[in-house]
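The values are calculated or read from the model by the stated rules, or taken from the named source; none is laboratory data. Here the structure is a predicted model, which means the values were calculated and not measured. With ideal geometry, Cβ positions are generated from the backbone for all residues, glycine too; neighbour counts draw on all protein chains shown.
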Amino acid sequence: MKIIRKVAVKQIVTDQKKANLKEDYELKIFKLEQECQQLLFEQKKLEQRSSKKKADIAIKFQKEMANRKDHIKWYKYKLEQLEILPIGSEISDGEVEAMIEIEEGMEWNKIIDQKSIVIKDGIITKIT
């Protein structure tokens, strides 16, 4: 019989991985900042056109901008953490599903033990 189970994927931190993550986080921050600017522009445009209360419009847009600013803070925090992360350490990179063959007589605890795939610079280095 075959079953499907989740397997953790871990990345080994290298200089290349750090650079890629830093670039990714900085790009996300940049995009979120652009979205905030666009929201501000849209808010002003809507306030000029609409007869609705300006306060109601402002509240809606402020919520959206606050959400994006929270994401910006999160990515800035991740950048700070990335700087202090030592080379060679492992970071979680999500999970994948794996199909496992089971049969009578197999030891269940060995099957359900946490399995993982370790990746270094895009190459699988270890499967446990």
For segment 74-112 the number of residues that are exposed (fewer than 10 other Cβ atoms within 10 Å of the Cβ) and either over 23 Å from LEU21 (Cβ atoms) or aliphatic (A, V, I, L, M) (or both) is 11
Within segment 1-39, restricting to residues that are in a strand (DSSP E or B) and of a type in the set (A, V, I, L, M, F, W, C), the one that is farthest from the chain's Cα centre (by Cα) is ILE3
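Working carefully through the options ILE59, ILE100, ILE91, ILE117, find the one that is touching a helix residue (DSSP H, G or I) at 6+ places or on another chain (Cβ under 7 Å) and either assigned to a loop (DSSP other than H, G, I, E, B) or of a type in the set (A, V, I, L, M, F, W, C) (or both). Before the answer, list the steps.
Values: ILE59 fails: touching a helix residue (DSSP H, G or I) at 6+ places or on another chain (Cβ under 7 Å); ILE91 fails: touching a helix residue (DSSP H, G or I) at 6+ places or on another chain (Cβ under 7 Å); ILE117 fails: touching a helix residue (DSSP H, G or I) at 6+ places or on another chain (Cβ under 7 Å).
One residue alone meets the criteria, ILE100.
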Among (1) at pLDDT 90 or above; (2) surrounded by 10 or more Cβ atoms within 10 Å (Cβ to Cβ); (3) within 30 Å of THR128 (Cα to Cα); (4) of a type in the set (Val, Ile, Thr), the one test that ILE29 misses = (3)
